[in-house]
Amino acid sequence: MKVHEHQARDILSAAGVPVPEGAVATTVEEAVSAAQAVFAAEGQLVVIKAQVHAGGRGKAGFVKLVKNQDEAREAAHFMLSNRMVSPQTGSEGLEVKKLLVAEAVDIAKEYYLAVTHDRARRCEVLIASAEGGVEIEQVAEDNPDAILKHPIDPLRGLEGHEARTLAFKLGFQGKQVNQAAAIMSRLVKCFRERDCSLAEINPLVVTPPCEKHPDGQVLAIDAKFNFDDNALFRQKAIAAMFDPTEEDPAEIRASEFGLSYVSLDGNIGCLVNGAGLAMGTMDIIALHGGMPANFLDVGGSATEEAVAEAFRIILSDEKVQGVLVNIFGGIMQCDKIARAIVAAAGEVGFSVPLVVRLEGTNVGDAREVLEAAKADIPSMQVATDLEDAAAKVCAAVA
Ligand code: GDP
Ligand code: MN
């Protein structure tokens, strides 16, 4: 699960990481009055930022520094009436429904800081760089040595001396060293306590020295969190931050029916039971020169309603030119699936070719159900085995 930047800033702030104040606005007028409040109190610049579940906003013009009401109005209007397109979104971009209006800060230097899982080392890893900001992907490609990766001991966590050593390596100086080290320790702690799969601050900034802060301040001004969906049952506060409007509606509908659905780029819709069989099905489609339109696992014990919903989801995808049903009846009974296919055909209709491969429990009954329905579902072919099914569906969409 992902959250918006303003929610990520709240989580960081609760973890003791310093973050500039901000407010959320959903209309131009709200944004202008939030900006006005900052102008009045601080007499300084305001930053207006589109809240969408994707980065790369800065370069796309969806993070803007403004110095008066007119500029605030113009920036807010632009963001709320244009879609945000960046390398992290599709070419269609994302609609912006919320803005963050925050105190802007002066930046002396931008750093990158993140915690994630390192699968190869089987531990958490702190990733840090003195080359933070909007070009971090480029840095990772051109100059990977500029990115530090520090494995975190599963039992001891990140110890104070490790954090300070890292802060020195990154070039923090004077009082900034302890500030940066504390932020690293808090980010690691937060990552663990909140069951994150990614906790990222980019940029972490140092502000120039001023009268109030002669050593400058270390602050987080952008944050991104991903959470482990399997842990949400014990992360009620995080789960409550879920914003369904940012997700693929088909994936949301699927999860309501206990279906695991991931939309892909191909044209062959797949309905399979079991994640392993679903992966195998995608492979065998590819082997026969086809491209799956989705991954869909109806689970081991899906109901007829869930299967009918699965067909609705697959067929609502405009890219789908053929459907492959591949069911191994273990717990799942093949005749149930066969009846669901017939019901779905009656309800949604199969305008595209449908290839069905069933094997296992009650397969005899299932074949009879399909045989009887053949006249009503002319686009259906029954396959003898998986190889035959893949060949048939690929030929049907070719
Ligand atoms: P992203 O492009 O989606 O990652 O959005 P960020 O929040 O990271 O903003 C992109 C860039 O805008 C940052 O790397 C900064 O250079 C700049 N920026 C963001 N907020 C501020 C701010 O408060 N003050 C200044 N001076 N620059 C900012
Ligand atoms: Mn950023």
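Using the alpha-carbon atoms, what tilt in degrees (0 to 90, nearest 10) does helix 28-42 show relative to the longest principal axis of the chain?
Taking Cα atoms only, the helix is inclined about 30 degrees.
Indicate, rounded to the nearest 5 percent, the antiparallel portion of the DSSP beta bridges found entirely in the chain.
Antiparallel bridges make up about 75 percent of those DSSP assigns within the chain.
Give me, ordered by chain and number, the residues 5 or more places off residue 381 or on other chains with an amide H under 5 Å from its own placed amide H.
Distant-sequence amide H within range of residue 381: 354, 355, 356.
Using alpha carbons only, how many degrees (0 to 90, rounded to 10) separate the axis of helix 334-347 from the longest principal axis of the chain?
80
Mind scanning 49/169; 49/212; 59/98; 64/236; 59/236; 64/189 and naming the pairs with a C-alpha gap bigger than 23 Å?
From the list (49/169; 49/212; 59/98; 64/236; 59/236; 64/189), the Cα-Cα distance tops 23 Å for 49/169; 49/212; 64/236; 59/236; 64/189.
Give the shape of region 1-91 as rounded, prolate or oblate, defined through the alpha-carbon gyration tensor: a ≥ b ≥ c are the square roots of its eigenvalues, a/c under 1.5 means rounded, and otherwise the shape is prolate if a/b is larger than b/c and oblate if not. Show your work: numbers first, answer last.
Values: a/c = 2.01, a/b = 1.10, b/c = 1.82.
Oblate shape, in that a/c is at least 1.5 and b/c is the bigger or equal ratio.
Compute the Cα gyration tensor for region 272-398, then decide on rounded, prolate or oblate, letting a ≥ b ≥ c be the square roots of its eigenvalues: rounded whenever a/c is under 1.5, prolate when a/b is larger than b/c in the other cases, and oblate in all that remain.
Here region 272-398 falls in the rounded category.
In straight Cα distance, which lysines are under 28 Å from residue 392, not counting same-chain residues fewer than 8 positions off?
319, 336, 374
Output the relative contact order of the chain, whole-number percent, from Cα pairs under 8 angstrom with separation of 6+ residues. Please list the in-between numbers first.
Values: 790 pairs, mean separation 47.3, N = 398.
Answer for the chain is 12 percent.
Using the alpha-carbon centroid of each, what span in Å lies between region 185-263 and region 4-34?
Taking the Cα centre of region 4-34 as reference, the centre of region 185-263 is 13 Å away.
How about region 53-130: which GluC sites (Glu not before Pro) there are in a DSSP loop, with at most 11 other Cβ atoms within 10 Å of their Cβ? Kindly include the intermediate steps, with their values, before the conclusion.
On the way: sites: 71, 74, 92, 95, 103, 110, 124; in loops: 92, 95.
Sparse-neighbourhood loop GluC sites (Glu not before Pro): 92.
Could you give the size of the charge dipole of region 124-261 about its Cα centre, using +1 on the Cβ of each K and R and -1 on the Cβ of each D and E, expressed in debye and rounded to the nearest 20?
So the dipole magnitude of region 124-261 works out to roughly 840 debye.
Explain nothing, just compute: Karplus ³J(HN,Hα) = 6.51 cos²θ - 1.76 cosθ + 1.60, θ = phi - 60°, for every residue of region 75-83 in order, whole Hz, x for Gly and Pro.
Per-residue couplings from phi come out as 5, 5, 5, 4, 5, 7, 10, 10, 8 Hz.
Shape verdict for region 38-192, please, from the Cα gyration tensor: rounded (a/c under 1.5), prolate (a/b greater than b/c) or oblate.
Since a/c reaches 1.5 and a/b is larger than b/c, the shape of region 38-192 is classed as prolate.
Relative to the longest principal axis of the chain, what angle (0 to 90°, nearest 10) does the C-alpha long axis of helix 363-373 take?
Compared with the principal axis, the helix lies near 80 degrees.
Could you pull out every residue, at least 5 positions away or on a different chain, whose amide H is within less than 5 Å of the one on residue 223? Hs are placed 1.01 Å off N in the peptide plane, and Pro or chain starts have none.
Under 5 Å from the amide H of residue 223: 202.
List the residues, sorted by chain then number, that are 5 or more residues from residue 322 or on another chain and whose placed amide H is less than 5 Å from its amide H.
Amide H to amide H, under 5 Å and 5 or more residues apart or across chains, residue 322 pairs with 269.
By average Cβ neighbour count within 10 Å, what is the ranking of 30-40, 352-362 from highest down?
Ranking, from highest mean packing down: 352-362, 30-40.
Once the other residues with Cβ under 10 Å from the Cβ of residue 356 are scored (Lys, Arg +1; Asp, Glu -1), what is the net sum?
With Lys, Arg at +1 and Asp, Glu at -1, the net is +3.
Using square roots of five times the C-alpha gyration tensor eigenvalues, list the equivalent-ellipsoid semi-axes of the chain in whole Å, biggest first. Numbers along the way, then the final one.
Values: eigenvalues 496, 121, 60 Å².
Working from the Cα gyration tensor, I get semi-axes of 50, 25, 17 Å.
Counting each DSSP H run of 4 or more residues in the chain as -39500 (n - 2.57), what helix-only mean residue ellipticity at 222 nm follows after dividing by all residues, to the nearest 500 deg cm²/dmol?
Counting only the DSSP helices, I get -11500 deg cm²/dmol.
Values in this text are rule-based calculations from the coordinates and carry no lab data. Quantities reported herein were computed from a predicted structural model and do not represent experimental measurements. Neighbour counts are summed over all protein chains in view; Cβ atoms, including those assigned to glycine, are modelled from backbone coordinates with ideal geometry.
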